[in-house]
Amino acid sequence: MPEAPTPRLADDKGRQVSYLRLSVTDRCNLRCLYCDNQMSHRLTHHDVLRYEELLDLMGLAQGLGIGKVRLTGGEPFARRDFMDFLERARARFPDLSLRLTTNGTLLAPFAQRLAAAGVDRVNISLDTLDAANFARVTGQDLYPQVRQGIEACLAAGMRVKINAVAMRGVNDAELPGFLALARELPVDIRFIEFMPMGGAEWHARQVWKAEDILAEAKGLAGLTPLPRDADDAGPAQMFAIEGGKGRLGLITPLSNHFCASCNRLRITSGGVLRTCLFSDRVYRLRPALRHPGLGLPAVERILRLALRKKPVGADLLALRQAGQGVSATSMSSIGG
Ligand code: SAM
């Protein structure tokens with residue numbers, strides 16, 4: 001008799017989970033002003049999952065119906081031998097859609113290898129197109145390196161999405177520049193509303209709302225809304241730009257949440273499972289993973305149980321905005 005297929009991952013609200021964001025490190029070479037990335041919070045070497053353990057988790061996820069894994073950090077390229085790990089992942093899981101989120105500063109030398117490993121699209125976080133502002137926002141003078149990373153990925157045939165955290169007083173004067181870039185290059189520029197996360201400072205007045213960005217963008221360019229395409233756009237509302245090679249996108253976790261269609265899980269580099277970005281309810285997978293008598297079957301049980309209670313993050317976020325913290329963990333350790 002053929003073996004019964006393993007049931008796929010679904011939560012108690014019927015949401016099917018098909019997407020894993022897997023952080024490979026909590027270390028980053030940037031110190032972005034909105035991201036509480038303090039040295040003192042860092043995991044010890046022993047507590048970070050080994051590459052072999054990350055591969056085991058990817059295999060488990062794939063077996064449970066997860067078809068897309070996004071590698072994130074900290075900064076993925078800040079971990080030693082990250083590119084070798086990614087190539088091993090590709091060799092072991094040829095059918096998995098492997099994606100990457102990076103700050104782009106260390107990316108350029110690896111673009112060809114990434115493309116050869118079947119990473120056909122890369123998300124690059126870039127909040128400003130001004131080198132001096134970049135240094136102010138990130139604490140590092142590495143803007144030219146990010147631009148080289150973008151060019152190298154495009155030259156290697158990858159699709160590039162640029163993610164900018166939309167912040168009043170930080171980049172709200174730069175919409176014309178970002179639109180010009182999306183006209184010139186085939187890149188998606190996606191603005192994401194600034195979320196209250198971890199220990200980083202957050203004030204409502206700093207949020208540059210998607211509706212304000214859209215209103216301003218309409219005065220600068222002809223925009224046509226594009227149908228939502230879950231695989232490609234994710235939670236972003238995308239717009240074609242008249243006469244442009246690239247597109248504009250808006251990601252609205254604050255003003256228009258997308259919890260009803262949330263299909264993702266997050267696992268940190270320390271092996272902590274989060275079923276919702278805004279919830280501090282976490283599940284520690286590492287002890288089970290490393291326990292000689294438990295291992296992956298126990299991790300699978302935890303995953304299934306945790307998922308049943310996957311929260312609706314918007315409710316938690318509303319509390320957070322009202323000043324009642326719900327996510328005490330920083331983005332650098334969750335991975336975005
Ligand atoms: N180092 C990689 C990078 O820069 O893309 C991956 C990790 S980073 C934490 C992932 C994403 O989270 C980045 O695009 C970053 O801008 C975004 N992010 C961090 N804090 C945020 C916040 N408070 N609100 C919105 N996005 C945030």
If I ask for residues that are within 9 Å of the ligand (Cβ to nearest atom), outside any loop (DSSP other than H, G, I, E, B) and over 26 Å from C262 (Cβ atoms), which ones from region 68-113 would you list?
F77, A78
Would you be able to tell me the number of residues in region 83-128 that are within 24 Å of E201 (Cβ to Cβ) and either among the hydroxyl-bearing types (S, T, Y) or surrounded by fewer than 23 Cβ atoms within 10 Å (Cβ to Cβ) (or both)?
4
Conditions (1) buried (at least 20 other Cβ atoms within 10 Å of the Cβ); (2) among the hydroxyl-bearing types (S, T, Y); (3) not in a loop (DSSP other than H, G, I, E, B); number of the one not met by S269
(3)
Would you tally the residues in region 132-141 being within 16 Å of L106 (Cα to Cα) and surrounded by fewer than 20 Cβ atoms within 10 Å (Cβ to Cβ)?
4
Looking only at residues in region 272-291 that are at pLDDT 95 or above and loosely packed, with under 15 Cβ neighbours inside 10 Å, which one is farthest from G234 (Cα to Cα)?
H291
Residues of region 151-201 classified as at positive phi and at pLDDT 95 or above, total
2
A careful count of residues in region 208-232 that are within 16 Å of the ligand (Cβ to nearest atom) and closer than 30 Å to S18 by Cα gives 2
I'd like to check something: does region 58-80 contain any residue that is free of Cβ contacts under 8 Å to residues at least 24 places away in the same chain and surrounded by fewer than 22 Cβ atoms within 10 Å (Cβ to Cβ)?
yes
Which of the residues that make up region 175-199 are farther than 15 Å from A240 by Cβ, surrounded by 18 or more Cβ atoms within 10 Å (Cβ to Cβ) and within 13 Å of the ligand (Cβ to nearest atom)?
F191, I192, E193, F194, M195, P196, M197, G198
When every residue in region 242-262 that is in contact with a strand residue (DSSP E or B) (Cβ under 6 Å, 6 or more places away or on another chain) and of a type in the set (A, V, I, L, M) is compared, the one modelled with the lowest pLDDT is L254
State whether the residues of region 56-65 include one that is aliphatic (A, V, I, L, M), within 16 Å of the ligand (Cβ to nearest atom) and more than 13 Å from T268 (Cα to Cα).
no
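The values are calculated or read from the model by the stated rules, or taken from the named source; none is laboratory data. Note that the structure is predicted; figures quoted are calculated from it, not measured. Positions of Cβ are generated from backbone atoms using ideal geometry, with glycine treated the same way; all protein chains shown enter the neighbour counts.
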